[in-house]
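Asker: Encoded as structure tokens, here's the structure I'll be asking about.
The values are calculated or read from the model by the stated rules, or taken from the named source; none is laboratory data. Worth saying up front: this structure is predicted, and the values here are computed from it rather than measured. Cβ sites come from the backbone with ideal geometry, for glycine too, and all protein chains shown count toward neighbours. Please note that ligands, DNA and RNA were not included when accessible areas were found on the heavy atoms of the full protein model with its side chains. Shrake-Rupley method; radii C 1.70, N 1.55, O 1.52, S 1.80 Å.
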Number of protein chains: 2
Amino acid sequence: MEDWTGKILELKETVLEDNDADADRLRGELAETGTYYLNIMSSPGSGKTTCILRLIRRLSSEFAVGVLEADIDGDVDARTVAAAGVPAVQLHTGGMCHLDADMSRQSLREIGSDSLDLVILENVGNLVCPAEFDTGAAANLVILSVPEGDDKPLKYPLMFEKADAVLVNKIDALEAFDFDMERFIANVRLRNTAAPVFPVSGRTGEGFDAAADWLRGRIIAWKEGQHRG
Amino acid sequence: MEDWTGKILELKETVLEDNDADADRLRGELAETGTYYLNIMSSPGSGKTTCILRLIRRLSSEFAVGVLEADIDGDVDARTVAAAGVPAVQLHTGGMCHLDADMSRQSLREIGSDSLDLVILENVGNLVCPAEFDTGAAANLVILSVPEGDDKPLKYPLMFEKADAVLVNKIDALEAFDFDMERFIANVRLRNTAAPVFPVSGRTGEGFDAAADWLRGRIIAWKEGQHRG
């Protein structure tokens, strides 16, 4: 992967008075170009990049896809994605723990979102701050991995409240950890009655057909004008 | 654990001009009372609470110990610690992703740190923000768990730069994950040449004798007046 010559974008912090309004404006712009912008949030190390590759493998024959990889530092993830043949831009947040709508806009311009059907943002690994800032995405996908524990929706309620879907990753390791899927789903439901929960394994690929079907349906609905549906 | 009648402290945000100076002041106050204040930071779900209980079990016959459990919401962790017979206060950060020195001071007053030898702070589960704010602790202990991956020091450099010691938890699950301990330590060393790295298992207890020995040495040195040594 040493021949990756991809871009690293150093994001500029913007202090907009009303990020929510700006996020709605960005969603409108993305609706115009038929670009579905998916914001993926999780803890560090829950397997976001692997899950993204599993989803893309199931969707890239139908849709033009790009990936934005946000990190404090480094370019490990963009290299990994680019090595799989997917356009990727590494974003550096300058120490910031989240992306807002304007940082999204800078990033989408850099990757050329106008000609893409699906842009996936791998947000900074963090269950707190990213939930507080609307990125302008059409949907938020939250990933929790089995080793993190089934109690996390109790501790990070806003993150699960903001989720449009939840992936439970590393289910291949269920036997090694005290993780009760029913208890986890019940904990999610305390904050979120609607979001589907997909148990998956980034390692084996199990469960990603269902998750990709959900995403495919959302992209098609978006392109047909049923925004934020 | 339903009979836990412990305290939940709703922290007030303070906007001090110079948190670093305030943190140094707090360290001075804690040196006066001989209280070693240990700040533990990690991702959500890396096993902070279990590690804390393993350390306390090895130190509570020698030292008077208390635990501060910081979370956005909930009281799961304080209940767990209190059930093990250790004084615990649950801190609610009001949505904030970190603690600063003044929030530490409010918390230490609540738990009565003057009469304690060791106060352990379980900081908010987050590898980004807590590293940016000096809590006034004598030392920072960073926990990373095997399922999170050995590349995390590359992505969260400041967290590993600020560490006085690193625990690598869940080593009982090493076989199930692609985690190379030597590569991890090499990645830590890019940012931190001094911090000892202790491989441990919260599940089996392996490795905690060495980690507790390190902490014991630091507490004794602190009480003898070798602050921040």
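Asker: Being more than 13 Å from every other protein chain (Cβ to nearest Cβ) and either in a helix (DSSP H, G or I) or open to solvent by less than 10 Å² (accessible area, probe 1.4 Å) (or both) is the filter here; which residues of the stretch B:117-130 pass it? Spell out the reasoning first.
Answerer: Keep residues of the stretch B:117-130 that are more than 13 Å from every other protein chain (Cβ to nearest Cβ), which gives B:117-121.
If the condition is that a residue be more than 13 Å from every other protein chain (Cβ to nearest Cβ) and either in a helix (DSSP H, G or I) or open to solvent by less than 10 Å² (accessible area, probe 1.4 Å) (or both), then B:Leu118, B:Val119, B:Ile120, B:Leu121 are the ones that fit.
Asker: When the residues of the stretch A:58-86 are filtered to those that are in contact (Cβ under 8 Å) with a residue 60 or more places away in the chain and more than 14 Å from chain B (Cβ to nearest Cβ), which remaining residue is farthest from A:Asp22 (Cα to Cα)? Give the steps one after another, and end with the answer.
Answerer: Going through the stretch A:58-86, the residues in contact (Cβ under 8 Å) with a residue 60 or more places away in the chain turn out to be A:58-59, A:62-63, A:75, A:78-80, A:82-83.
Subset that is more than 14 Å from chain B (Cβ to nearest Cβ): A:58-59, A:62-63, A:82-83.
Details: A:Arg58: 32, A:Leu59: 29, A:Glu62: 30, A:Phe63: 26, A:Ala82: 30, A:Ala83: 33 Å.
Filtering the stretch A:58-86 for residues that are in contact (Cβ under 8 Å) with a residue 60 or more places away in the chain and more than 14 Å from chain B (Cβ to nearest Cβ), the one farthest from A:Asp22 (Cα to Cα) comes out as A:Ala83.
Asker: Continuing with this model, one more query. Restricting attention to the stretch B:96-116, report how many residues are touching a helix residue (DSSP H, G or I) at 6+ places or on another chain (Cβ under 7 Å) and either surrounded by fewer than 19 Cβ atoms within 10 Å (Cβ to Cβ) or among the β-branched types (Val, Ile, Thr) (or both).
Answerer: The qualifying residues number 1.
Asker: For the stretch A:148-186, name all the residues that are in a helix (DSSP H, G or I) and open to solvent by 30 Å² or more (accessible area, probe 1.4 Å). Step through it out loud before you land on a result.
Answerer: Taking the stretch A:148-186 as the starting set, the residues that turn out to be in a helix (DSSP H, G or I) are A:148, A:152-155, A:157-161, A:171-176, A:181-186.
Matches in the stretch A:148-186: A:Leu154, A:Leu158, A:Glu161, A:Asp172, A:Leu174, A:Glu175, A:Ala176, A:Met181, A:Glu182, A:Arg183, A:Ile185, A:Ala186.
Asker: Please indicate, with yes or no, whether at least one residue in the stretch B:189-209 is hydroxyl-bearing (Ser, Thr, Tyr), over 30 Å from B:Asp75 (Cα atoms) and more than 17 Å from the chain's Cα centre (by Cα).
Answerer: Taking the stretch B:189-209 and keeping what is hydroxyl-bearing (Ser, Thr, Tyr), we get B:193, B:201, B:204.
Now restrict to residues that are over 30 Å from B:Asp75 (Cα atoms): B:193.
If we keep only those that are more than 17 Å from the chain's Cα centre (by Cα) as well, we get B:193.
Yes: the stretch B:189-209 contains one or more residues that are hydroxyl-bearing (Ser, Thr, Tyr), over 30 Å from B:Asp75 (Cα atoms) and more than 17 Å from the chain's Cα centre (by Cα).
Asker: A follow-up question, please. Among all residue pairs at least 6 apart or on different chains, which show Cβ distances below 6 Å where the first residue, located in the stretch B:142-154, is at the interface with another protein chain (Cβ under 7 Å from one of its Cβ atoms) and the second is part of a strand (DSSP E or B) and crowded, with 24+ Cβ neighbours inside 10 Å?
Answerer: B:Ser145/B:Asn169; B:Lys152/B:Leu144
Asker: Taking the stretch B:20-52 on its own, how many of its residues are more than 23 Å from A:Ser43 (Cα to Cα) and either open to solvent by 30 Å² or more (accessible area, probe 1.4 Å) or within 14 Å of chain A (Cβ to nearest Cβ) (or both)?
Answerer: 8
Asker: Report, by residue number, each residue of the stretch A:187-216 that is among the polar types (S, T, N, Q) and open to solvent by 50 Å² or more (accessible area, probe 1.4 Å). Talk me through it step by step, then tell me what you get.
Answerer: Going residue by residue through the stretch A:187-216, those that are among the polar types (S, T, N, Q) are A:187, A:192-193, A:201, A:204.
Passing the criteria: A:Thr193, A:Thr204.
Asker: Go through the stretch B:71-95 and give me each residue that's closer than 20 Å to A:Cys97 by Cβ and surrounded by 19 or more Cβ atoms within 10 Å (Cβ to Cβ). Full working, then the answer.
Answerer: Looking only at the stretch B:71-95, we keep the residues that are closer than 20 Å to A:Cys97 by Cβ, and these are B:71-73, B:91-95.
Across the stretch B:71-95, the qualifying residues are B:Asp71, B:Ile72, B:Leu91, B:Thr93.
Asker: Of the residues that make up the stretch A:13-29, is at least one within 15 Å of A:Leu121 (Cα to Cα) and in contact with a strand residue (DSSP E or B) (Cβ under 6 Å, 6 or more places away or on another chain)?
Answerer: No.
Asker: Evaluate the following for A:Phe133: is it more than 11 Å from chain B (Cβ to nearest Cβ), surrounded by fewer than 24 Cβ atoms within 10 Å (Cβ to Cβ) and in contact with a Cys (Cβ under 8 Å, 6 or more places away or on another chain)? Break it down stepwise before answering.
Answerer: On the way: more than 11 Å from chain B (Cβ to nearest Cβ): yes; surrounded by fewer than 24 Cβ atoms within 10 Å (Cβ to Cβ): yes; in contact with a Cys (Cβ under 8 Å, 6 or more places away or on another chain): no.
Taking the combined requirement at face value, the residue does not satisfy it.
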